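The values are calculated or read from the model by the stated rules, or taken from the named source; none is laboratory data. Given the structure is predicted, the values throughout are model-derived calculations rather than measurements. Here the Cβ positions follow ideal geometry from the backbone for every residue, glycine too, while neighbour counts run over all protein chains shown.
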Amino acid sequence: MRGALIGLAVLAGIAMPLGATQSKTWPTFREADRDANGTLSLDEVRTVPVLADEFALHDKNGDGRLSRAEFEAAKRADADAPNEAGRAAGTGARR
């Protein structure tokens, strides 16, 4: 059974190292911007725990909202960070 699942994952192009687990990935900016006002509030980013936990760090201009540029920079920083518990899946792993 496990071999069949790995085979399907490889065919689908989503192969992961054995023993790896997948959790929530980052939404797009548009998906996160539920009120469609062009910025993200702390409430809107709660779907990405690492972003919510580090909101003030990524809010570079201190206006209490994340612009698209601030969101994308946070996403890149998360992808470059060592893979740790609490990080979004698919990020942090060096390829």
From the list Asp80, Asp35, which one is among the charged types (D, E, K, R), at pLDDT 95 or above and surrounded by fewer than 13 Cβ atoms within 10 Å (Cβ to Cβ)?
-> Asp35
Filter result for Gly86 (modelled with pLDDT under 85, among the small types (Gly, Ala, Ser), touching an Asp or Glu at 6+ places or on another chain (Cβ under 9 Å) and surrounded by fewer than 10 Cβ atoms within 10 Å (Cβ to Cβ)) = yes
